[in-house]
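Report on the structure given below.
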Amino acid sequence: MKYVITGAAGNISKPLAEQLLAAGNEVTVIGRNAENLQSLVDQGAKAAIGELEDEAFLTATFAGADAVYTMIPPQYAALDLSAYGALAVKYATAIKANNIKYVVNLSSVGAHMPEGCGPVSGLYRAEQELNKLTEVKVLHLRPGYFYFNLYGNLSMIKSMNILGNNSGDGAAKILLSHPVDIAAAAAEELLKLSFKDHSVRYIVSDETTQGEVAKVIGNAVGKPDLPWVPFSDEQSSEGMLGAGLPAAMVEKYVEMGVAMRRGKMWEHFLQTQPHEFGKTKLADFAKEFATVYQAS
């Protein structure tokens with residue numbers, strides 16, 4: 001089988017490509033930087049260097065593929081959410097031009113929300129554009145909140161001895177996903193190619209509360225009393241603006257926190273249980289986090 005993987009130097013795309021290669025498949029990996037793809041080339045992958053926004057490049061690179069894995073990189077510089085749909089349109093054009101029949105697309109929990117979930121509502125737009133491919137089977141993977149996002153709180157934990165967000169108090173639910181679990185699910189689907197029509201698969205490694213996140217992370221880094229502190233929307237906005245994020249996207253990330261706080265982001269997942277959970281639990285990730293914390 002021939003696969004094309006976008007975002008191939010990423011935390012999900014790279015292990016996904018490695019699993020497809022290990023199974024004896026032909027894999028083309030797309031990236032902007034050849035050096036970042038070299039380890040995959042060493043394992044037998046073909047590198048395609050170019051920009052995802054280049055429709056002609058995508059069309060040429062997708063040629064001959066049996067299936068493609070698509071992902072939309074974070075659109076931090078976008079003034080609105082249209083950039084997500086615009087890139088999905090380019091994917092769809094290249095897929096249709098090459099008569100590709102299978103697509104596994106990385107989306108997110110919360111992508112059932114056309115509005116009100118910040119950048120994840122951008123992924124809703126991407127899903128809708130890919131779903132216009134009537135002769136193509138499309139599976140949208142919807143993972144939970146990435147464990148790796150917690151690395152953005154390293155300095156907060158070190159300097160302020162707290163963990164928090166505008167996503168609610170310590171009792172608020174949170175769904176967590178590890179990139180390794182997401183890659184494993186994507187590999188499973190691409191190797192089997194048994195999904196039908198336009199469908200969704202949720203990938204959640206652990207389901208817990210934000211207070212439990214603070215407790216487990218705190219214990220792992222030697223701060224057993226680490227509290228989860230709920231931030232106001234204004235506090236979150238000020239923090240992100242201070243970190244240099246564009247104002248338009250800060251507004252969207254604050255909005256996503258509100259969707260988490262109100263439970264709207266998890267709503268569709270909870271309505272469609274039961275689900276198979278990934279292997280990497282919060283306690284497992286806490287060990288990884290502690291290693292990075294000590295080295296930072």
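Normalise the Cα radius of gyration of the range 1-159 by 2.2 N^0.38 Å (N = residues in it) and let me know the number.
1.06
Under 14 Å from the 7 Å Cα→Cβ point of K173, by amide nitrogen: which residues of the range 92-135?
Only 109-110 fall inside the zone, counting backbone N under 14 Å.
Would you please give the FRET efficiency between A97 and E35, computed as 1/(1 + (r/R0)^6) with r the Cβ-Cβ distance and R0 = 45 Å, to the nearest 0.05?
Computed FRET efficiency for A97 and E35: 0.95.
Express as a percent, rounded to the nearest 5, the fraction of DSSP beta bridges in the chain (both residues included) that run antiparallel.
10
Could you work out how far the C-alpha centroid of the range 32-47 sits from that of the range 180-247, in angstrom?
So the two Cα centres are separated by 28 Å.
What shape does the range 100-191 take by its C-alpha gyration tensor, where a ≥ b ≥ c are the square roots of the eigenvalues and a/c under 1.5 counts as rounded, a/b above b/c as prolate, and the rest as oblate?
Note, shape of the range 100-191 comes out prolate.
Once every DSSP H run of n ≥ 4 in the chain is given -39500 (n - 2.57) and the sum is divided by its residues, what mean residue ellipticity at 222 nm do you get, rounded to the nearest 500 deg cm²/dmol?
-13000 deg cm²/dmol
For E53 paired with V89, estimate the spin-label separation in nm (one decimal), with each label point 7 Å from Cα along the Cα-to-Cβ line.
Result: 1.4 nm between the two label points.
Say each of A290 and L241 gets a label point 7 Å from the Cα, pointing the same way as Cα to Cβ; how far apart are those two points in nm?
Using points 7 Å along Cα→Cβ, the separation is 3.9 nm.
Search the structure for amide H atoms under 5 Å from the amide H of S205, placed 1.01 Å from N in the peptide plane, and list their residues when 5 or more places away or on another chain.
Long-range HN contacts for S205: G144, L176, S177, H178, G278.
Quick one: what do you get for the range 206-295 if you divide its Cα Rg by 2.2 N^0.38 Å?
Rounded to two decimals, the normalised Rg is 1.29.
What FRET efficiency would be calculated for the residue pair A23, E234, taking the C-beta separation as r and a Förster radius of 41 Å, to the nearest 0.05?
Working: r = 50 Å, r/R0 = 1.22.
The computed FRET efficiency comes out at 0.25.
Quick check: the angle from helix 119-130's long axis to the longest principal axis of the chain, C-alpha only, nearest 10 degrees?
Computed tilt is about 20 degrees.
Between Q128 and T209, take the C-beta separation as r, use R0 = 30 Å, and let me know the FRET efficiency to the nearest 0.05.
Result of the calculation: an efficiency of 0.40.
Each reported figure results from applying straightforward, stated rules to the coordinates on display, with no laboratory input. What you see is a predicted model; the values in this text were computed from it and never measured. Reconstructed Cβ throughout: ideal geometry from the backbone, glycine too, with neighbour counts over all protein chains shown.
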